[in-house]
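The values are calculated or read from the model by the stated rules, or taken from the named source; none is laboratory data. All values derive from a computational prediction rather than experimental measurement. Note: ideal-geometry Cβ built from the backbone for every residue, glycine included; neighbour counts use all protein chains shown. Remember, those area values only see protein heavy atoms, side chains included, never the ligands or the DNA or RNA. Shrake-Rupley method; radii C 1.70, N 1.55, O 1.52, S 1.80 Å.
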Amino acid sequence: VFFLISGAVAYFNLQALRDGNQKIVHSHGVIVALDVLLSDAQDAETGQRGFLLTNDEKYLAPYHAALQSIPVRLAEIEQLTSDNPAQKAKVTALKRHVGAKLGELKEAIDLRRTQGLDAALAVVNSDRGKVEMDAIRAELAAMSREEGELRSRRIAEMSDVQKTALATSFLAGLLGILLTVTMGFLIRRATLARRREEWLQSGQVGLSSAMQGDQHI
């Protein structure tokens, strides 16, 4: 019973450690995805600015790459934060700002192609893109801060679980040693008692035989 209980406690401790580790990795994955999304948005903006200045399509390579990556990254963030109601509201706002920013970038690019630099710069100088980019940065920073705090709490919880696991393992080992020593002592005492009983019985048999003497035929 003791070893069954010890095994069950060890199993639950390992499960708690594994769950804690998975939660920490999950939070870290969210933070990385947020950083990558910000980098993609900046790449899109950089590609647009380069094209506006040069009217050379090759400068739009980062922009096109970002257009492919950003939806995937948004879906990943939405999936990773689906279990956190506070983050879900931020994801909704983030998607709205990202969509508005990409719309502003596309509008300026289209105007550069059709109406020239001045028309495209008029869109850029309206500060619509700057407002949306600032909003994207603010949402990403808030989400990253939320995940950072959550990760810190999970690390602290995992540290507590590790301490508990260490304490229970030490206690189980100590109790196991005490139980083994006790069982050894009881077995030795029982063995000595059995030998003493056998010795007494053999002595009584010998004494009875000696007192009876030779039997007549």
Report, ordered by the first and then the second residue, all pairs with beta carbons closer than 7 Å, sequence separation of six or more or different chains, a first member in the stretch 76-99 that is free of Cβ contacts under 8 Å to residues at least 24 places away in the same chain, and a second member that is hydroxyl-bearing (Ser, Thr, Tyr). Lys88/Thr81; Lys88/Ser82
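Across the stretch 76-94, what is the total count of residues that are farther than 17 Å from Ala135 by Cβ and part of a helix (DSSP H, G or I)?
Taking the stretch 76-94 first, the residues farther than 17 Å from Ala135 by Cβ are 76, 78-86, 88.
So of that shortlist, the ones also part of a helix (DSSP H, G or I) come out as 76, 78-80, 85-86, 88.
Total satisfying the criteria: 7.
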Residue under evaluation Tyr63, criteria (1) open to solvent by less than 60 Å² (accessible area, probe 1.4 Å); (2) hydroxyl-bearing (Ser, Thr, Tyr); (3) without any contact (Cβ under 8 Å) to a residue 40 or more places away in the chain, criterion not met: (3)
Kindly indicate which of Ala141, Ala120 is among the small types (Gly, Ala, Ser), surrounded by 13 or more Cβ atoms within 10 Å (Cβ to Cβ) and either assigned to a helix (DSSP H, G or I) or at pLDDT 85 or above (or both). Ala120
Single condition Gly99 does not satisfy, out of (1) farther than 27 Å from Glu139 by Cβ; (2) more than 19 Å from the chain's Cα centre (by Cα): (1)
Scan the stretch 164-180 and give yes if some residue there is assigned to a helix (DSSP H, G or I), modelled with pLDDT of 85 or more, small (Gly, Ala, Ser) and out of contact with any strand residue (DSSP E or B) (no Cβ under 8 Å at 6 or more places or on another chain), otherwise no. no
Checking the condition open to solvent by 30 Å² or more (accessible area, probe 1.4 Å), closer than 17 Å to Ser144 by Cβ and among the small types (Gly, Ala, Ser), which residue from Ala89, Ala41 passes? Ala89
Which one of these does Leu52 not meet: (1) open to solvent by less than 60 Å² (accessible area, probe 1.4 Å); (2) closer than 23 Å to Glu146 by Cα? (2)
Restricting the search to the stretch 71-86, which residues are surrounded by 14 or more Cβ atoms within 10 Å (Cβ to Cβ) and among the polar types (S, T, N, Q)? Thr81, Asn84
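Let's see how each residue does on (1) at pLDDT 90 or above; (2) of a type in the set (Asp, Glu); (3) touching a strand residue (DSSP E or B) at 6+ places or on another chain (Cβ under 9 Å); (4) within 15 Å of Leu150 (Cα to Cα):
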| site | (1), (2), (3), (4) |
| --- | --- |
| Leu17 | no, no, no, no |
| Gln22 | no, no, no, yes |
| Glu76 | yes, yes, no, no |
| Arg96 | yes, no, no, no |
